[in-house]
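Here's the structure we're looking at; comments come further down.
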Amino acid sequence: MGLIEVEKSSLALAAVQKARTIVIASHIDPDGDTLGSSLAWALVLRKMGKQVTVYNQGTLPYSYEFLPGSELLVDQLPLTCDLLCLLDFSELERGGKDLVVWRGYAKSLCIDHHLTADPVADINLIYSQACATGELIYELALSLDPDFKLDVAVNLYTAILTDTGSFRYSNSTPSSFKIAGDLVRRGVEPWSVAQHVYESQPLERIKLVGRVLETLQISDSGKGAAVWVTQAMFDETGTNSEYSDGLVNYPRSIAGVEVAFTAREVGFQEYKISFRSRGTVNVAALAAEFGGGGHHNAAGCRLQGALPDLIEQVFAIIDNSLSESH
């Protein structure tokens, strides 16, 4: 039995069946889950004869260009639609400024798995127990098209693979592996997906990693670590924010570090903070203190101020959280 309650599933599927035109929105700075889920959902709905727009305010990251249906992504919203689907986020702000002010939809559906979700949709399928939004889309896809093909399977596998950290994170569950097994049975080649996502990096990305690792700082306790990336680093290496995905895994991999974060410059003295925890500290709660959110082991927020001060401020909170937990 899946995670989605029968009543909520029925409401969502009824809304989908009734709608003729559907917009699927993924969040800004898109990752494998929001993109894989959105494209899988779009392919299922298109097979049903729906007119589907897959919207993202940004650009498609290079590591996900291989995803079937990626050519469907657009950065412009239509005038109207019958149903708006928010995938992997529930606050309109996460979809970008254009989505916030858009009022062209008759009904909305949110499909998400984030702990701090504050739902705004008419119908909300939000289950923090899910390893990824892709797990929820898998359930819905089985209801609408039990024999879905390889194009849908590749997208769902990518969603689950990336959000579980290649099945390394604590959100990897028996269900994660069961679903992955079914997707492989449908034709997904794990090595092919992994190669596209993790082992097809442009040279510029490696140069950026080198610059970022030079910024490494460790907290007084030795249990917090941070790196940062500035616009100047992007300019020097010919990269942009898309190339910064996954940088936080470097400081987190240091022996003894319990919480790591990256600070990415997004404006004058404004930084996007991405937290990762080994499990001792709930970084979703930490991020919530700054108006952000996420999961127990992966969360984010935005901070303003001088970078050295911000890093010391976050380190102090991390070290204090760790001292209280012992």
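Quick notes
- Checking each residue in the stretch 34-89 for being acidic (Asp, Glu) and in contact with an Asp or Glu (Cβ under 6 Å, 6 or more places away or on another chain) picks out only 88.
- With respect to (1) assigned to a helix (DSSP H, G or I); (2) farther than 17 Å from residue 307 by Cα; (3) modelled with pLDDT of 95 or more, the lone exception for residue 222 is condition (1).
- Matching strands (runs of 3 or more DSSP E) fully within the stretch 27-128 where at least 1 residues are aromatic (Phe, Trp, Tyr): 51-55, 105-112
- Within the stretch 210-219, being in a strand (DSSP E or B) and without any contact (Cβ under 8 Å) to a residue 40 or more places away in the chain holds for one residue alone: 218.
- When the residues of the stretch 297-313 are filtered to those that are farther than 14 Å from residue 252 by Cβ and in contact (Cβ under 8 Å) with a residue 60 or more places away in the chain, the one that is surrounded by the most Cβ atoms within 10 Å (Cβ to Cβ) is 311.
- Applying the condition of being touching an Asp or Glu at 6+ places or on another chain (Cβ under 7 Å) and not β-branched (Val, Ile, Thr) to the stretch 110-129 and asking which residue is modelled with the highest pLDDT yields 112.
- So residue 186, is it more than 30 Å from residue 76 (Cβ to Cβ) and in contact with a Lys or Arg (Cβ under 9 Å, 6 or more places away or on another chain): yes
- The stretch 263-298: number of residues that are in a strand (DSSP E or B) and either farther than 20 Å from residue 227 by Cβ or modelled with pLDDT of 90 or more (or both): 14
The values are calculated or read from the model by the stated rules, or taken from the named source; none is laboratory data. The shown structure was predicted, so the numbers you read here are calculated from the model rather than taken from an experiment. For neighbour counting, all protein chains shown are included, and Cβ atoms are generated from backbone atoms with ideal geometry for every residue, glycine included.
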